[in-house]
Amino acid sequence: MNIHGQFPATRLRRLRKTGSLRELIRETNLQIKNLVMPLFIKHGTNIKQPIASMPGQMQISIDQLPAEIAAITALGIKHVLLFGIPEKKDPLGKDSYCEHGIIQTAIRAIKKIAPDLMITSDICFCEYTDHGHCGVLNEEGYLDNDKSLELLAKQAVSHARAGTDIIAPSGMIDGMVHTLRHALDAAGFSHLPILSYSAKYSSALYGPFRQAAEGAPKFGDRHTHMMDIGNINEALRECALDVAEGADMLMVKPAHAYLDVIANVKQAFPALPLGAYHTSGEFAMIKAAAAQGWIDEQKVALEILTAIRRAGADFIITYYAKEMAEWLRSA
């Protein structure tokens, strides 16, 4: 049987005639439940500081969380990702694994405000170290992988004790999933899942984020531990290693510029939930073009986030989460 049919008996435009019909047979749908909202939590009080390169996004202090969390949950968003900006930074990023660190305190505050809101903790050091790199540096200024693992374990366990729901290591440090799984299990948190930034590229699309998180490296770059932008087989290898080490979920970052990577990872690991991070640079480009009146922001954002879902992402971390939730609710 010729399943494709032939013209004139087969006319695919019949199924595109009306909006209701197109909606009925749409293969990929973007829903509020697919959205994760990142938050930048800064030490201090009465802080609600706009991020110039990310219109609509802000650094907020913990005392401002009640209003922000109320707005997020009212929109039906059920998941946030936390980044911290501490009072002080040091070579080891001690605030990241301090019991009363900025994120540990924020987790406890959010759980009091909205106990059912899912919290993912970003586990890294770039926001906490005075040098801005993702771990411990040796005398030559090179990131020491194994010493960094020791501190990542301390950070993850401290976040677990604070009440986080998901641990998400983002530094692309070799052995990070293995180390965190063993540390969490030993501390009594075998129930906590690990969402690994398994394929995180050394991308030029992180610039606005580094302003927001105040985590730009003071020297050098992160090419020695994040992935080269031209590689996809390596991404699959990274994912396979994380799966073998105990990752419960995988992530590709960036998202929009790496749809092929998302598709290949989902095909290779269909049983594992897959996240994709629609990065600050991808967000900022849409905002900038929309501000010039060159594009329809709502339609373009919906198209891009739908494409990320179509490529295979089960959920999307995006700075558009609140706006998209509003648009989807009013559609």
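Tabulated data
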read-out: Strands (runs of 3 or more DSSP E) contained in the range 181-298 and holding at least 3 residues closer than 23 Å to Tyr142 by Cα; value: 195-200
read-out: Of residues in the range 27-46 being among the β-branched types (Val, Ile, Thr) and under 22 Å from Thr120 (Cα atoms), the one surrounded by the fewest Cβ atoms within 10 Å (Cβ to Cβ); value: Ile32
read-out: Breaking point among (1) over 20 Å from Asp314 (Cα atoms); (2) in contact (Cβ under 8 Å) with a residue 60 or more places away in the chain, for Gln31; value: (1)
read-out: Subset of the range 304-331 [outside any loop (DSSP other than H, G, I, E, B) and either on the phi > 0 side of the Ramachandran plot or without any contact (Cβ under 8 Å) to a residue 12 or more places away in the chain (or both)]; value: Ser330
read-out: Asp242 vs. criteria under 17 Å from Tyr197 (Cβ atoms), buried (at least 18 other Cβ atoms within 10 Å of the Cβ), modelled with pLDDT of 95 or more and of a type outside the set (A, V, I, L, M, F, W, C); value: yes
read-out: Complete set of residues in the range 1-27 that are outside any helix (DSSP H, G or I) and within 16 Å of Ala331 (Cα to Cα); value: Thr18, Arg26
read-out: From His223, His182, residue being at pLDDT 95 or above, out of contact with any Asp or Glu (no Cβ under 6 Å at 6 or more places or on another chain), under 21 Å from Asp122 (Cβ atoms) and surrounded by fewer than 16 Cβ atoms within 10 Å (Cβ to Cβ); value: His182
read-out: Qualifying positions in the range 220-259 - small (Gly, Ala, Ser) and within 15 Å of Ala271 (Cβ to Cβ); value: Ala240, Ala244, Gly246, Ala247
read-out: Residue under evaluation Lys287, criteria (1) among the basic types (Lys, Arg); (2) surrounded by fewer than 17 Cβ atoms within 10 Å (Cβ to Cβ); (3) under 21 Å from Ile72 (Cβ atoms), criterion not met; value: (2)
read-out: Residue match in the range 76-96 (condition: loosely packed, with under 15 Cβ neighbours inside 10 Å and under 21 Å from the mean Cα position of the chain (by Cα)); value: yes
read-out: Hey, Lys78 over 25 Å from Ala291 (Cα atoms), touching a helix residue (DSSP H, G or I) at 6+ places or on another chain (Cβ under 8 Å), touching a residue at least 60 places away in the same chain (Cβ under 8 Å) and of a type outside the set (Ser, Thr, Tyr) or not; value: no
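For every residue, the table says whether it meets (1) polar (S, T, N, Q); (2) at pLDDT 95 or above; (3) at positive phi.
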position: Ser61; (1), (2), (3): yes, yes, no
position: His79; (1), (2), (3): no, yes, no
position: Pro86; (1), (2), (3): no, no, no
position: Leu92; (1), (2), (3): no, no, no
position: Cys98; (1), (2), (3): no, no, no
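The values are calculated or read from the model by the stated rules, or taken from the named source; none is laboratory data. Keep in mind that what you see is a predicted model, and the values were worked out from it rather than measured. All Cβ positions, glycine included, derive from the backbone under ideal geometry; neighbour counts span all protein chains shown.
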